[in-house]
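Just below is one structure, and these are the notes that go with it.
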Amino acid sequence: MSPAPPPFKQLKVAIVGGGLGGLSAAVALRRAGHLVSIYERRDFKLEVGASISCAANGTQWLREWGVDIASGRPIQLMKLVMREWKTGKILNQYSLDDYEKTWGNVYNMFHRVDMHTMLLETATQEEGEGTPCSVVVDHIAKELDHEKGTVTFENGITVQADLIIGADGIRSAVRSLIGAIPDTKSANQTCYRCNVKTEDIKRLGLVEWAADPGIQFWGGYPTDDLSMYYKIVMSPCAGGDIVSFYCFMPTEMTNHTQEGFQFAEVPVSDILAGAYSQLDPNCVDLIKNSIDRMPWRLYVHQPYTHWTKGNVAVLGDAAHPMMPHQSQGACMAIEDAAALGIIFSKDYGFTTDVEAGLAMYQQIRKPRATRVQNASARATENLNERIGFSSLSAPEAKLAAAENKLTVDEMNLYDMKAHVAKEVASKYSGSKAGNLQA
Ligand SMILES: Cc1cc2nc3c(=O)[nH]c(=O)nc-3n(C[C@H](O)[C@H](O)[C@H](O)COP(=O)(O)OP(=O)(O)OC[C@H]3O[C@@H](n4cnc5c(N)ncnc54)[C@H](O)[C@@H]3O)c2cc1C
């Protein structure tokens, strides 16, 4: 006789923060059969950004949740190009033709606004499995009662939920309210991001820059007159309408050495400082014709002691803010969301014991996200720490294991469903382990 299915209760879920992580969690928990409300502090129309990388380990979950990925107008990464800083001469090209075949999913590059719109649409639309999520804007979370399961917002409104998710980003209020203390220091490297419209690239006669479907790096390797903190990453996104630039430089060379974060646009001269004055003139032309030029202050965060308290948990940047050098910020937020969807699914009995489910969430997610967080910090000063794109050969894998280095195999071959099943089975028997005992 097959065992009885584990008990399942539809949960009322409150997600604080409607960024990429919060919306992903909304989709995952909607698909798992729950009633989800997203509380966002501001109007989504204010969102800005540049390209967001979504490697195979992120794309996998978008597909699993039935997201209409094409609606997010991604560009698939097919080629990496390394150029010389001063001349723009191509030093190296690396084809990713076998990326999908190797990992089962493509490497997408979205514009942040498109990716956000795609996830918001998936969370709230009538079509698709589960009850459409509701979205409430102009709600800034400021208080939390993890015993009563309530969140109170600055406008005086209090809501009660069975499960509260803090997806409120790098300066998370929810994280502070569950008593996780930040250990953060300003990074030696600062980034400016900006966008160039493809129509402007064509107008400048630099068509090859728009047509190339790849990421292009200049620098990143220290030379006599180029410190390790100089690096440009360029990615096409928005269906090819935009090319995004991430311009990294030593913090000491910028006007943004003080703590704090400014959302004010910067003049071109802020970007073309230091070694950028010697950059390939074509690239300088592109930056001069850019829009949305924003400083992105970078911080190195140590892992938090805990991510949960009672029926409250944090995810995404609220849980594991990281340097951008593995391009895994958004993917890690998506994986957090996927873990919540699996743990609170009908396969397990955690919906009748949310606190135990969140303990399992932390057990599953914290070690992996912390490895990525640490490897992202190391890659700031050593490009060889980047996880790369192709599967490692046996000797490379052996070396990586000896050095405890994060690898692309580890990222893309990971089976989260099997991981959850194994951890639950080893920790529980009966209702939570559910049909795993069969
Ligand atoms: C403006 C911006 C631009 C970014 N651009 C890039 C980029 O170009 N490339 C890249 O790789 N990464 C970028 N990132 C980081 C990347 O988006 C994250 O690593 C990743 O997407 C994780 O998202 P998240 O949902 O955890 O956090 P976030 O994307 O920061 O979302 C947090 C959300 O919570 C809301 N919020 C914050 N506090 C409260 C509160 N008290 N109450 C209610 N709501 C609250 C915020 O308004 C925001 O919508 C950017 C982040 C921001 C905020």
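The values are calculated or read from the model by the stated rules, or taken from the named source; none is laboratory data. Keep in mind that this is a model prediction, so the values were computed, not measured. Note that we place each Cβ from the backbone using ideal geometry, even for glycine, and neighbour counts take in every protein chain shown. For accessibility, only protein heavy atoms count, side chains too; no ligands or nucleic acids. Shrake-Rupley method; radii C 1.70, N 1.55, O 1.52, S 1.80 Å.
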- [ ] Using a 1.4 angstrom probe, figure out how much accessible area the chain has per residue, in square angstrom, rounded to the nearest whole.
- [x] 42 Å²
Task: the range 286-357: radius of gyration over Cα atoms, expressed as a fraction of 2.2 N^0.38 Å - done: 1.54
Task: Alpha-carbon Rg/Rh ratio, for the range 110-255, with Rh computed the Kirkwood way - done: 1.09
Task: Relative contact order, percent, the range 185-300 [alpha-carbon distance under 8 Å, six or more residues apart] - done: 40 percent
TODO: Based solely on C-alpha atoms, express the radius of gyration and the Dmax of the range 368-438 in angstrom.
DONE: 16.3, 49
Open item on the list: What does the extension gain come out to for Lys9 and Glu396, with contour length at 0.36 nm per residue minus their alpha carbon separation?
Closed with: 134.6 nm
Task: Spherically averaged projected area of the chain from its Cα convex hull (nm²) - done: 21.7 nm²
TODO: Determine, for each peptide in 76-87, 111-122, the mean count of other beta carbons within 10 angstrom over its residues, then list the peptides with the highest first.
DONE: 111-122, 76-87
TODO: Would you mind calculating the gained length between Asp68 and Ser277 on full extension (0.36 nm times residue separation, minus the Cα-Cα distance), in nm to one decimal?
DONE: 71.0 nm
Open item on the list: If you take every DSSP beta bridge fully contained in the chain, what fraction is antiparallel? Give it as a percent rounded to 5.
Closed with: 70 percent
Task: Apportionment of accessible area to carbon and sulfur, the range 61-111, percent (1.4 Å) - done: 48 percent
Task: For the range 185-300, radius of gyration divided by Kirkwood radius, i.e. Rg to Rh on alpha-carbons - done: 0.96
Open item on the list: Which order do the peptides 200-206, 410-416 come out in when sorted by mean C-beta neighbours inside 10 angstrom, highest first?
Closed with: 410-416, 200-206
Open item on the list: Going by amide H atoms built from the backbone, whose H comes under 5 Å of the H on Trp296, apart from near neighbours?
Closed with: Cys191, Tyr192, Arg193
Task: Extension gain (nm, one decimal) between Ser176 and Glu199, 0.36 nm per residue minus Cα-Cα - done: 3.8 nm
Task: Carbon + sulfur, % of accessible area of the range 185-300 - ligands and nucleic acids excluded, 1.4 Å - done: 51 percent
